[in-house]
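Asks: Have a look at the structure that comes next, please.
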Amino acid sequence: MSVARTHFPAYSRARMESPVHPAVSKNAGLAEAAIASEADIRSGLTENLARLWRYGLVLSHQRDAADDLVQATCLRALERADQFIPGTRLDRWLFSILHSIWLNEIRSRRVRQGQGFVDAGETLTFDGAHDTETHVMANQVLKQVNALPEAQRTVLFLAYVEGLSYREVADILDIPIGTVMSRLAAARAKLSDAGPEGGRQ
């Protein structure tokens, strides 16, 4: 005949009052931290989707490839949420993931040249505060930027459009900071030589 646990109030009370084993407490804490981290990543992805897509477009010049890059970046970031270091910049971490995927996976597909090509003006947008002349000049500059080699175009975008520091750009691209500076110098020189608009200071 079985005896219900309620017949032993002292046993029940002891079970309720006994401390949780440290290992169990630690595992629970890690699980909660993982959940919190993933929630933060999801929130950060939502906030940075447009920037990630724009960066994907700068790299690939193709809408479909940019879509693939963003989707793959979101999945990779969620899979590796535990690798994100709290207190560091989430956007820099996401840019780094996207760039790695571009180098190692997407670009290797070698899609047809020009397929899904977008005009430079779609990569960056300007609000209505700018007059027509400013829009025209901006689009001319953007087309010149789009014509730069990928390595120069990428550092120019991250440093001047996204406003990242040279060190942050170097970390994202996994290159020395001196390489970032030399690529920026080369890009500026080419833009300066491109015409009167590129040479204005």
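Asks: Can you work out the Karplus-derived ³J(HN,Hα) for every residue in the stretch 155-171? Use 6.51 cos²θ - 1.76 cosθ + 1.60 with θ = phi - 60°, whole Hz, and x for glycine or proline.
Replies: 5, 5, 5, 5, 7, 9, 8, 7, x, 7, 6, 4, 5, 5, 4, 4, 5
Asks: Could you put 88, 179 in order, starting from the residue whose Cβ has the fewest other Cβ atoms within 10 Å?
Replies: 88, 179
Bear in mind that the values in this text are calculations on the coordinates, not laboratory data. This structure is a prediction, so every number in the text was calculated from the model and none was measured. Ideal geometry is used to build each Cβ from the backbone, glycine not excepted, and the neighbour counts take in all protein chains shown.
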